[in-house]
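To start, the structure under review is shown below, and the notes come after it.
Bear in mind that the values in this text are calculations on the coordinates, not laboratory data. Computed from a prediction, not measured in an experiment: that's the story for all the values here. Neighbour counts are summed over all protein chains in view; Cβ atoms, including those assigned to glycine, are modelled from backbone coordinates with ideal geometry.
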Amino acid sequence: MGIAAQFSKRLHKEINAHAAWLPVANSFELGDYGLVSDGVFQRIGNIKEFGVDFDSKDSKPAGIDFKSEDAKRFSVVADAEVNALPDAPIDAKLRIELGRKGSYYAKAADATTTEMSNIREVASGLARARGWRRKYRVVSSVITGHDCLIVTANADNAIFELSGQADALQHLNVGALKAGLSVTDDTNVGVTIVGETGVVGLRLFKLRWFGDEANLLGPTGESGYEEATADELEDDV
């Protein structure tokens, strides 16, 4: 299982969403459709191409904070590890160690969700749309992470280090990245997102093989919809 699929599986566990890969650095939108390859969603187009529109609504923000088992985070002042960074303009470092290739660390102060509010009507419209294929997956929700810090390892013993004033680094604990910070070590690091805002997660559905009802890909608890586990997000191509 590659890093994208591993990250997606953990994201699904944490916030019931599949990874928008690459996180943040993508252009996914509500209503996008596509197929799954290497465990992640690959966009083909948008359902509006088939004359199917949708309504949307926003939800309240929630935080994102998870990491692989071997990921460690340290706060350092004057070359000594501290439990918490002081709220003072003194030199400090934030260090993330990722022990194995494929490890990851992800944090955002909050994550806002925009979702379809009329999935049943959308599914019915797609079932009647000429040229629609039932194996297509549709983005029914997009989760946007704000001021994200996301780091992955492309080799064992990866190290990512941010340096700057302690009071600026301290705000990273709640996801707000301030100016004046710099990357001073990125050994064996792959994906690096620092202080950026963008789509990190997707919720998907596709039509059931018969009829015009939606099959939500993940346990959502919505009445009348077939549920599936994260492990059922198998490759289409």
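Counted residue by residue at 0.36 nm each, then reduced by the alpha carbon distance between them, the extension gain from Asp185 to Glu121 reaches 18.0 nm. Between Asp212 and Asn154, the contour length at 0.36 nm per residue exceeds the alpha carbon distance by 16.6 nm. Working from label points 7 Å from Cα in the Cα-to-Cβ sense, the Asn83 to Glu49 distance is 5.6 nm.
When only alpha carbons are used to place a centre, the range 96-151 and the range 29-49 end up 10 Å from one another.
In whole Å, what three semi-axes, largest first, describe the equivalent ellipsoid of the range 3-232 built from its Cα gyration tensor (square root of 5 times each eigenvalue)?
39, 17, 14
For the range 99-180, the square roots a ≥ b ≥ c of the C-alpha gyration tensor eigenvalues yield an a/c of 1.5 or more together with a/b not exceeding b/c, which makes the shape oblate.
Give me Rg/Rg_expected for the range 3-119, where Rg uses Cα atoms only and Rg_expected = 2.2 N^0.38 Å with N residues. Don't skip to the end; give the middle numbers.
On the way: Rg = 18.7 Å, N = 117, 2.2 N^0.38 = 13.4 Å.
Its radius of gyration relative to the 2.2 N^0.38 Å reference: 1.39.
Exceedance of the 32 Å cut-off in Cα-Cα distance is limited, within the set Lys60/Lys206; Lys60/Lys101; Lys48/Lys72; Lys9/Lys48; Lys72/Lys206; Lys9/Lys60, to Lys60/Lys101; Lys48/Lys72; Lys72/Lys206. The equivalent ellipsoid of the range 1-47 has semi-axes of 18, 12, 10 Å, largest first, where each one is the square root of 5 times an eigenvalue of the Cα gyration tensor.
Annotation: aspartates and glutamates with alpha-carbon distance below 14 angstrom to Lys93 (same-chain offsets under eight excluded): Asp79, Glu81, Glu161, Asp167, Asp185, Asp186.
Ordered by the count of other Cβ atoms within 10 Å of each Cβ, fewest first, Asp185, Asp79 give Asp79, Asp185.
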